[in-house]
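J.: The structure's right below; bear with me while I get my questions together.
The values are calculated or read from the model by the stated rules, or taken from the named source; none is laboratory data. Bear in mind that the values here come from a model prediction, so they are computed numbers and not experimental data. Here Cβ is always computed from backbone atoms with ideal geometry, including for glycine, and neighbour counts include all displayed protein chains. Side chains included, ligands, DNA and RNA excluded: accessible areas come from the protein's heavy atoms. Shrake-Rupley method; radii C 1.70, N 1.55, O 1.52, S 1.80 Å.
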Amino acid sequence: MQSRRSVMHAIKETVYNNKWLSFTLVLAIAGTIGAVLLPPLVLEQIVNRLAEHENVGLSIAIGYFLLIAVSGFLEALKESVITVFGQKVTHRIRSAMSEKLLRLPASYYIEKEPGVTASRFVNDVNTVENLFTSGVISMASNVCKLVSIVLIIFSRSKGLGIILVVVTPFLFWMTRVFQKRMLKAQIESRVAVGRTNQLIPETLKNMRTIRVLRRQEFMQQRYGDTIEQGFRAQEQSNFCDAIYSPIIVTVSALLIGVMMGASGQAGAIREFFGMSAGTAAALIAYVGNFFEPLENIGMEIQNIQSAAAGVRRINEFFEEKEEPYVSKLYGVKDADPCVTKSSKQDNQKSSAVKFSEVCFSYGTDQQEILHDFNMEIKEGENVVLTGRTGAGKSTLIKLISGLYRPDKGKIMVYGIAPSSIPEEKRRHLFGYVEQQFRMIRGTVAEQISLKDPEVSERQIEKALETVGILNTVCALPDKMDTQCDEKLFSQGQFQLLSIARAIVLNPKILLLDEITANLDSGTEEQIMEALKNASHDRTVISISHRLYNKTGEREIVIG
């Protein structure tokens, strides 16, 4: 069943599961808007009373300073709540994405680069957090501030309100132009820094060649050009940043000057712009508060555009096809592939793996790898798959283990389609050894168990003993509890660990993919001895000419 998860679904879940947090966020935003609007109004009353030589009570003065303090507190509260809310949303998204990973077919992990998936979990989800911390919520707050300030200015001075409405589009356009140029310059600067960082290891790695060919001046020129590019980009960014603030301050001063000059005129102009001294003080404060949210909105639009790309990539991940419910695939019900069902009709060994008219390609527009392919491997057989490069040997291993499904035909492993084998049964059925050992973070024992609680210490010891490396492990400082790293074992010993990992749960089928390809002849002999022990009472399917020459009982040529 396909999941219907999405970023919007995660947001709705976060709001529903954190009602008090959501309510606090709404109150904090409303509070910050009110905190921006109220202090100038109180200041207006104070200045008007002073202008009319009236006594300003202590309470109103204290109230003014308290409003300013509350304004700062509410602003900090709003930012904190937005940050917490954004983190909860990203936590919900990452949790949903992790759940999605468990439902994806194995072919996804083969076809997709690990870095692409990791980028979606880290970079794209981080942009969604920015969507809240400096995106939609912040922009909504700033828009409300702008609208509220303009409405109050209109109520106090229609002339100044009209001027602001006329000037605002120009100021917003100018803000966006500066922000885009600064962003472009910053990107160019980062690219230049990246190139410089890439040149350093490249130069060190090829230092001998550079010296022999006397190309020092060429490399120096490359460094110089890259550093100059970064300097120019950074200089442009600094220039835009340096002139933007003075422009805003100048425009603000001009607006205040026009307002004050017009209010001092006679007749209709004064009536249109006219105001008391207190109103003038309040409007000056409002005009000062007008430009900050205007500048923030421009940057928030940029963040929303960036986050939109991240949201799209995350939703594409949620739309990936999941492993379907396959208990009825090929008509198999409640079968256990780990229990061998011997034939009662004859004494011949039962079929372990059978391909019937199988066709397979890696995509609708890709060339067919297998066409009407047939193969049968009996239980307990030792079979070596050989053939030219690209003939489909590794593809067969992936089809047998259920990583891919055939386009046509049937594949049966002990009478069951590989893709229908439950996850908890797979490791009891298949043991897989690759060309290189895939280390995980943990102890030597955890390299074998893969942190599976089902694997006992005795099973780990038995697997290590079978491949002939138990004494080596026991000689380590903490024996099997020694933290594993790349310097702990040789390449051959790591390959022995890989075989031990494959057989620790006593699987019925052992799949070997060119496991001696990168080993010297001495180490290969050790691996062959370990394989001889590990292959006892198992069906072994391997890809290797060298294995066939030494231990193979039957060769199947592919292609």
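J.: I'd like the residue in region 97-119 that is touching a residue at least 60 places away in the same chain (Cβ under 8 Å) and not in a helix (DSSP H, G or I) and, out of all such residues, is farthest from T32 (Cα to Cα).
T.: For region 97-119, the residue satisfying everything is P105.
J.: Suppose we filter region 90-115 for residues that are open to solvent by 30 Å² or more (accessible area, probe 1.4 Å) and either modelled with pLDDT of 75 or more or of a type in the set (F, W, Y) (or both); how many remain?
T.: Qualifying residue count for the region: 10.
J.: On to the next question. Could you tell me how many of the residues in region 372-400 are part of a loop (DSSP other than H, G, I, E, B) and surrounded by 16 or more Cβ atoms within 10 Å (Cβ to Cβ)?
T.: The total comes to 6.
J.: Between I152, I227, I163, I200, which is in a helix (DSSP H, G or I), farther than 30 Å from L25 by Cα and more than 39 Å from the chain's Cα centre (by Cα)?
T.: I163
J.: With N506, N471 as the choices, which residue is more than 30 Å from G387 (Cα to Cα) and of a type in the set (S, T, N, Q)?
T.: When all the criteria are applied, what remains is N471.
J.: Please go through region 486-501 and pick out each residue that is free of Cβ contacts under 8 Å to residues at least 40 places away in the same chain and either part of a loop (DSSP other than H, G, I, E, B) or open to solvent by less than 20 Å² (accessible area, probe 1.4 Å) (or both).
T.: Within region 486-501, K487, F489, S490, G492, L496 meet the criteria.
J.: Conditions: (1) of a type in the set (A, V, I, L, M, F, W, C); (2) under 25 Å from V504 (Cβ atoms); (3) not in a loop (DSSP other than H, G, I, E, B). I369 meets all but one. Number of the miss?
T.: Condition not satisfied by I369: (2).
J.: Only one of T32, T24 is open to solvent by 20 Å² or more (accessible area, probe 1.4 Å) and farther than 22 Å from N123 by Cα; which?
T.: From the options T32, T24, the qualifying one is T24.
J.: Then there is this: Here are the criteria: (1) in contact with a Lys or Arg (Cβ under 7 Å, 6 or more places away or on another chain); (2) farther than 17 Å from L131 by Cβ; (3) of a type in the set (A, V, I, L, M). Tell me which single one I29 does not satisfy.
T.: Exception for I29: condition (2).
J.: Restricting to region 35-82, name every residue that is open to solvent by less than 40 Å² (accessible area, probe 1.4 Å) and polar (S, T, N, Q).
T.: Residues satisfying the conditions are N48, S71.
J.: Would you pick out the residues in region 530-559 that are modelled with pLDDT under 80, open to solvent by 40 Å² or more (accessible area, probe 1.4 Å) and not in a strand (DSSP E or B)?
T.: If the condition is that a residue be modelled with pLDDT under 80, open to solvent by 40 Å² or more (accessible area, probe 1.4 Å) and not in a strand (DSSP E or B), then H545, R546, Y548, N549, K550, T551, E553, G559 are the ones that fit.
J.: Could we say that Q236 is in contact (Cβ under 8 Å) with a residue 24 or more places away in the chain, of a type outside the set (A, V, I, L, M, F, W, C) and part of a helix (DSSP H, G or I) here?
T.: When the stated conditions are applied, Q236 passes them.
J.: Same structure, new question: Need a quick list: helices (runs of 4 or more DSSP H) entirely within region 401-482 having at least 1 residues that are surrounded by 15 or more Cβ atoms within 10 Å (Cβ to Cβ) and touching a residue at least 40 places away in the same chain (Cβ under 8 Å).
T.: 423-429, 444-449, 457-467
J.: Right, V147: open to solvent by 60 Å² or more (accessible area, probe 1.4 Å) and free of Cβ contacts under 8 Å to residues at least 12 places away in the same chain or not?
T.: yes
J.: Additional query: Within region 78-96, is even one residue over 22 Å from S148 (Cβ atoms), part of a helix (DSSP H, G or I) and in contact with a Lys or Arg (Cβ under 8 Å, 6 or more places away or on another chain)?
T.: yes
J.: Within region 120-132, is there a residue that is in contact with a Ser or Thr (Cβ under 8 Å, 6 or more places away or on another chain), open to solvent by less than 20 Å² (accessible area, probe 1.4 Å), at pLDDT 80 or above and part of a helix (DSSP H, G or I)?
T.: The answer is yes, given that some residue of region 120-132 is in contact with a Ser or Thr (Cβ under 8 Å, 6 or more places away or on another chain), open to solvent by less than 20 Å² (accessible area, probe 1.4 Å), at pLDDT 80 or above and part of a helix (DSSP H, G or I).
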